Each structure stands twice: as C-alpha cells, then as structure tokens.
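Asks: Got a structure for you, written out below as structure tokens; questions coming shortly.
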Amino acid sequence: VSAVPAASSSSNEVTTPKANEKIEIFRVSPAKLVVPTLAFPSISTADFQFDLDKASDIIVETAEAFLPKLGSARLVLVDLSHGSKILSLVKAKASRKNIDSGRFFTFVGDITKLHSQGGLHCNVIANAANWRLKSGGGGVNAAIFKAAGPDLEAATRARANTLLPGKSVLVPLPSTCPLHNAEGITHVIHVLGPNMNPNRPDCLNNDYTKGCKILREAYTSLFEGFLSTVQ
Ligand code: AR6
C-alpha cells in the first residue's frame, strides 16, 4: 500500500503503475506524516542568567523521565549557534546516560524556521516567556511573537494574561498563523523559568535551591503540555 499525498501533482513526480500493481491512493494530511516533535529552547539560561551546568542536568533528567510516556514523539533542544554551550553540555550528558538520540537530541537553528531553513519537522515549539506573556523584549520570546504575528498574541490572551515561574500555558495556533502554515507548528507552549537576572522581575538572587526546583517544574509542565497534544 502506498500513501500518496493527494496534492503531489507535479508531472515529473508521476509514476506509471506496472501491470497488476495495486496502488491505493488516499488523502494523508501532511501533519499526520510527521512524528510529534517538541522543539524547545534552554529555558532561563540567557537573559535570565541561570547556571548552564545546573540547567543541563535538569534538562537531561526531565527529558529522560518523560521519554517513556511519549511513545515515538521526540524532544529537541534548540539553540542558535554551533558554539552553544548548553547544547554541548546536554548532548554530552544525554550520551553518557545512553538516552535514545533519535528521540531526544540537540539542533542548531532558529526555532521559528526549523522546517523551512533546517528541514526539521516540529509540530510544537516552546517559548521562554516573560511573566506578562508579552511580545517583544529579546531572545526567543521576541523571535516567536514576531514570526507568529498578532494571531499568537490573540490566542495567548484567550488563555492567560500572566504566568507564574515554573508554569506553562499551551496555546493552539490558528491555521492562518504564519508559523502554522509555513512551518507546520500547531501549538506554542509558553514557559516561565526561574530568573537570576537582577534587572528582571522576581530575581532569585542566586538561590539555586529554589531556582533548580522551579526549573524542574518548568520543564515538567512543558513536557506535560506537549504530552497532552500527543495523546
Ligand atoms: N531560536 C532558537 N533559540 C533561541 C532563539 C531563536 N530564535 N533566540 C534565543 N534563543 P532567552 P530566558 C536561545 O534569553 O533566559 C526574554 O526577553 C538562547 O540562545 O530567550 O529564559 C523574555 O521576554 C538561549 O539558549 O530566555 C524573558 O523576559 C535560550 O534561547 C526573558 O528573555 C533562552 O534564552 C527570558 O529569558
């Protein structure tokens, strides 16, 4: 049985069936062909100045704990450059623990262009948000709100106005949203991590007992949100 996407009509893609060859053609939504995949940035480790070594332990441990619940779905930690320290740390620690690298891996690219520029299909992306769930600011938050346009702001407002540290909110994207129709992203999960930057609200003043607890809660909440889209 061949699954032929109904829309592949370019003449040089057409193959002629051989005698007696049975071909069944049925419509397959492109979204259904993609393995459910969450792409997420390293929460709190840039503008919020969280320690990279501690963050990498938490990312690897929470991802490892969630993989068995996720079926064939994948978790992908994304950052912008090949020199990313957090990607190197996580890659090394995941490999030491023999975590399946087909289901949990790192990827270099802009999280808003993973499909169009990186060839990576992700149906859900996470945002390292601020407590007001406002667009702008810097980092990945500014990039995601800019790429998604006003649709994401409206869809976010329909669900929440603020977020507590360690929590997340799952926001479905309408099909009119550029991130949905150009990149195949159906949901954005806003996550608020712990803040160690004295110039940002709710600074924890280097209290890593509280900080690690909140970062663990943040990833747990993020992966639970993703799990709810898979089930
Ligand atoms: N694609 C992939 N990764 C990115 C991108 C991108 N386009 N942009 C940044 N990163 P940050 P935080 C990586 O600072 O520390 C915002 O202003 C980046 O290299 O975005 O949680 C919010 O409004 C780093 O590894 O998030 C909050 O106020 C990771 O994303 C505050 O910053 C997270 O960096 C949140 O700070």
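Asks: Quick one: count up the residues across region 40-57 that are among the hydrophobic types (A, V, I, L, M, F, W, C) and surrounded by fewer than 23 Cβ atoms within 10 Å (Cβ to Cβ).
Replies: Keep residues of region 40-57 that are among the hydrophobic types (A, V, I, L, M, F, W, C), which gives 40, 43, 46, 48, 50, 52, 55.
Add one more test, that the residue is surrounded by fewer than 23 Cβ atoms within 10 Å (Cβ to Cβ), and what stays is 46, 52.
Summing the residues that are among the hydrophobic types (A, V, I, L, M, F, W, C) and surrounded by fewer than 23 Cβ atoms within 10 Å (Cβ to Cβ) in region 40-57 gives 2.
Asks: Take region 48-83 and flag every residue that is more than 15 Å from G225 (Cβ to Cβ) and either of a type in the set (S, T, Y) or near the ligand (Cβ under 10 Å from one of its atoms) (or both).
Replies: Of everything in region 48-83, those that are more than 15 Å from G225 (Cβ to Cβ) and either of a type in the set (S, T, Y) or near the ligand (Cβ under 10 Å from one of its atoms) (or both) turn out to be F48, Q49, F50, L52, A55, S56, S72, L77, V78, D79, L80, S81.
Asks: Just the residues that are free of Cβ contacts under 8 Å to residues at least 12 places away in the same chain and either acidic (D, E) or more than 9 Å from the ligand (Cβ to nearest atom) (or both), please, taken from region 119-144.
Replies: Quick first cut of region 119-144, residues free of Cβ contacts under 8 Å to residues at least 12 places away in the same chain only: 119, 134, 136, 142.
Correct list: G119 only.
Asks: For F105, state whether it is among the aromatic types (F, W, Y) and surrounded by 21 or more Cβ atoms within 10 Å (Cβ to Cβ).
Replies: On the way: among the aromatic types (F, W, Y): yes; surrounded by 21 or more Cβ atoms within 10 Å (Cβ to Cβ): no.
No, not satisfied.
Asks: Report yes if L67 is of a type in the set (A, V, I, L, M, F, W, C) and open to solvent by 40 Å² or more (accessible area, probe 1.4 Å), otherwise no. Steps first, answer last, please.
Replies: Details: of a type in the set (A, V, I, L, M, F, W, C): yes; open to solvent by 40 Å² or more (accessible area, probe 1.4 Å): no.
When the stated conditions are applied, L67 does not pass them.
Asks: So, one more: Name the residues in region 175-202 that are within 17 Å of G137 (Cα to Cα) and out of contact with any Cys (no Cβ under 9 Å at 6 or more places or on another chain), would you?
Replies: Quick first cut of region 175-202, residues within 17 Å of G137 (Cα to Cα) only: 190-202.
The answer is H190, V191, L192, G193, P198, N199, R200, P201, D202.
Asks: Tell me which of these S116 doesn't satisfy, since it passes every other one: (1) among the small types (G, A, S); (2) more than 10 Å from the ligand (Cβ to nearest atom); (3) outside any helix (DSSP H, G or I).
Replies: (3)
The values are calculated or read from the model by the stated rules, or taken from the named source; none is laboratory data. Everything numeric here is computed off the predicted structure, so don't read it as measured data. Every residue, glycine as well, gets a Cβ built from its backbone with ideal geometry; the counts of neighbours run over all protein chains shown. Remember, those area values only see protein heavy atoms, side chains included, never the ligands or the DNA or RNA. Shrake-Rupley method; radii C 1.70, N 1.55, O 1.52, S 1.80 Å.
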